[in-house]
């Protein structure tokens, strides 16, 4: 996979260049940027403190024991044969049970708070549908369909703007995990799930599919792009428009619409209405190709259209065996879909 | 050794029978000791194989955008590594230890059903061979020679025909059904033996803790293998006879597979771990020179674990979208099952406290087990808190957790058991220096790899990915984790060399090299085929202590 090696170096630079806002590629669960992740974080402080205390007590006792009661070299007498102590047994049964009670109550509170929240009346609701190895993202109320990037407005205590996600799957089980925003929730076919996020910081948060879903599970990356209300509004307006009709790409569009690309892909305002693959109407507005496999650059776009299997082997877009002219024209057309 | 017949005549030592004849004896044996050795030797072989699979994965993951292995190979590797370690290493270690030691420890001549014993071993072996035969004959998405690549817990609907074409998944299903028949046979045999063949005076209350733990493990095996087998048969029906149990495209339920699988899968990890507890419960007292602290509490805790363990399965499913009340119930139950497990740790420490500790190799492994299993249990408590599990499940944190349990916990006690009982089984001691090299290399390597992987999970690295991009914070951690493999491999190599060398050239052990107290040490090393010249009669749980200390026998205090 020489191509992967080459693009790897450009990776961080491209992400930084593609989005002017900060990128958060490291999904540290102890650096929450939304309420669900933060609730989990606070619970984790309690749980980890309790566990750490237990560790130091028990490990301390064990360390003391192995040092203090080491057999001296010439001592062959047997020590006092102690069989046990009811009092001690009761103590170290009751105390752990009390600890379990406390932790259970803390856990119950967070579970209810996170799972119990229902979408408010005017809240943003998005449906995310998992596919083998990309994310279909539908803003039902806004009439937008996109892929692999979830744009949401930034939220704050003063002006809360939570986004409610309905999680479905078109094929196998997947899982939505952007650690700084929320714990993961699975996308299971025939079993819709719900989750919500209210990111407090603008920027791009990286996540991964977190349930093994087949050959390219590793390359099913997820981007949550948090924008100011104004920026988000601009993005929505641009996405709602039909795909660009750039006259310089007329030939390319004709070639594209004549090939079987349209069996799998949708380009709004054209006869391409396939739903098996990602919607390409505004694909140039996205940072990556192949759901995070490679950055969306002209060279990479060309390489992907020429042979997607070389970049993401096993993915469900076959090598379309385009000749050089078709390749030029299709790439020119796709490059116009801003 | 010369024997004297009638006065003055020296008789010749009978010649050893020819090799084919000796091999045939092993092939048709129903002797529990030989079958126990066969189980353990085969388990060690599969352990080495699965270890190589893991090493290959760690080479691929050492650097971002790795190209050492293509995705289809990697995905098969983690599936085969997990399936092998659970079904072809962990389960046969249970069967091998139980079959070898239970009759000796209860003063019996063999298992209740010797031929069932042999049947169980061969089913296990054939199941293992069937699984690996998929590398030659399996058909899958990647064409010919596809081993299963659906993960060791094979979630639906990825395993349905639509997404796993060909036969690779069927090899996974069938090989586990076959070797599962072997495990169930062993379990039934162990229960029958313990219930009906204890020697005179050995009430249930006076059985060694090892035997108690094997009894509870066997009961769990009999209870929890059926849900797995049922689910696998349902999956076969889906794949071949048009059923739709788990076929979500036709209204089936993916979550149903998870319930069935984890109903088996969670008790299974206790089935794997309890034999390790059994070994620790025998080794720690002997090398502390004290009886186990709180025998009754240990037995009670074991039974509690056996019962509670079947009620916590859905903690593997916290992210599936169950109702809040379900999540809270399983969180509470999971934390609760940690209580009897913790009690066991406290009692082991209590056994050592006030003793005169000898740090021979078996004890070194058990001490490391105590530290490591403590940590494993505590990371388990962290994940029992469901919301925290929403972050940590399916990440490298849970991978680190269960390797802490199974490698740091189970395998360390099993290695301790090998050093402890090898002298009994072969009549020769394993080399102590090589044993210490094995121990320290393994401890160092284990911690380098698995301490580090906890942090990869905390930084968002999901499991089962064949590669990752740079810039996610995972590169350094993965490189360090991969380096640890070198030390672990070196440690295991020391063990294998030690076994090969000591089987012929090790120091002679005698009946009771460790000055221990249970009945297996009351006969020769190795024991004769009939185990005991005269079946023993006991009055306490430490019959040899009573013999060695007639002025201070256990039966006065128990």
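The values are calculated or read from the model by the stated rules, or taken from the named source; none is laboratory data. All of these numbers come straight from a predicted model, not from anything done at the bench. For neighbour counting, all protein chains shown are included, and Cβ atoms are generated from backbone atoms with ideal geometry for every residue, glycine included.
Does any residue of the stretch B:19-39 turn out to be surrounded by fewer than 17 Cβ atoms within 10 Å (Cβ to Cβ) and either more than 21 Å from residue B:526 (Cβ to Cβ) or touching a strand residue (DSSP E or B) at 6+ places or on another chain (Cβ under 7 Å) (or both)? Within the stretch B:19-39, one or more residues are surrounded by fewer than 17 Cβ atoms within 10 Å (Cβ to Cβ) and either more than 21 Å from residue B:526 (Cβ to Cβ) or touching a strand residue (DSSP E or B) at 6+ places or on another chain (Cβ under 7 Å) (or both). When the residues of the stretch A:304-338 are narrowed to those that are outside any helix (DSSP H, G or I) and within 20 Å of residue A:244 (Cβ to Cβ), which ends up farthest from the other protein chains (Cβ to nearest Cβ)? If we take residues in the stretch A:304-338 being outside any helix (DSSP H, G or I) and within 20 Å of residue A:244 (Cβ to Cβ), then A:336 is farthest from the other protein chains (Cβ to nearest Cβ). As a summary of the residue check, residue A:269 satisfies the conditions (1) farther than 30 Å from residue B:466 by Cβ; (2) buried (at least 20 other Cβ atoms within 10 Å of the Cβ) except for the one numbered (2).
Of the residues that make up the stretch B:458-477, is at least one under 24 Å from the mean Cα position of the chain (by Cα) and farther than 30 Å from residue B:516 by Cα? Within the stretch B:458-477, one or more residues are under 24 Å from the mean Cα position of the chain (by Cα) and farther than 30 Å from residue B:516 by Cα.
Filtering the stretch B:456-470 to residues that are touching a residue at least 24 places away in the same chain (Cβ under 8 Å) and either surrounded by fewer than 23 Cβ atoms within 10 Å (Cβ to Cβ) or at the interface with another protein chain (Cβ under 9 Å from one of its Cβ atoms) (or both) leaves B:457, B:458, B:460, B:461, B:462, B:463, B:464, B:466, B:467, B:468, B:469, B:470. Can you find even one residue in the stretch B:487-508 that is surrounded by fewer than 19 Cβ atoms within 10 Å (Cβ to Cβ), more than 14 Å from chain A (Cβ to nearest Cβ), touching a residue at least 40 places away in the same chain (Cβ under 8 Å) and in a loop (DSSP other than H, G, I, E, B)? Yes, there is a match, as at least one residue in the stretch B:487-508 is surrounded by fewer than 19 Cβ atoms within 10 Å (Cβ to Cβ), more than 14 Å from chain A (Cβ to nearest Cβ), touching a residue at least 40 places away in the same chain (Cβ under 8 Å) and in a loop (DSSP other than H, G, I, E, B).
Restricted to the stretch A:177-227, the set of strands (runs of 3 or more DSSP E) holding at least 3 residues that are at the interface with another protein chain (Cβ under 8 Å from one of its Cβ atoms) and at pLDDT 95 or above comprises A:203-209. For the stretch B:96-135, a residue qualifies if it is more than 23 Å from residue B:197 (Cβ to Cβ) and touching a strand residue (DSSP E or B) at 6+ places or on another chain (Cβ under 9 Å), and exactly one does: B:134. Suppose the filter is within 14 Å of another protein chain (Cβ to nearest Cβ), assigned to a helix (DSSP H, G or I) and crowded, with 24+ Cβ neighbours inside 10 Å; does residue B:389 pass it? When the stated conditions are applied, residue B:389 passes them. For the stretch B:319-340, a tally of residues being surrounded by fewer than 23 Cβ atoms within 10 Å (Cβ to Cβ), within 7 Å of chain A (Cβ to nearest Cβ) and assigned to a helix (DSSP H, G or I) returns 6. The C-beta contact set for the stretch B:341-363 (first residue more than 7 Å from every other protein chain (Cβ to nearest Cβ), second residue part of a helix (DSSP H, G or I) and surrounded by fewer than 22 Cβ atoms within 10 Å (Cβ to Cβ), distance under 7 angstrom, 6+ apart or interchain) comprises B:360/B:432; B:361/B:432; B:361/B:436. Only residues that are more than 20 Å from residue A:98 (Cβ to Cβ) and facing chain A (nearest Cβ under 10 Å) were counted in the stretch B:365-385, giving 6. Of the numbered criteria (1) in a helix (DSSP H, G or I); (2) out of contact with any helix residue (DSSP H, G or I) (no Cβ under 9 Å at 6 or more places or on another chain), the one residue B:530 fails is (1). Of all residues in the stretch A:31-53, those being touching a residue at least 12 places away in the same chain (Cβ under 8 Å) and within 7 Å of another protein chain (Cβ to nearest Cβ) number 5.
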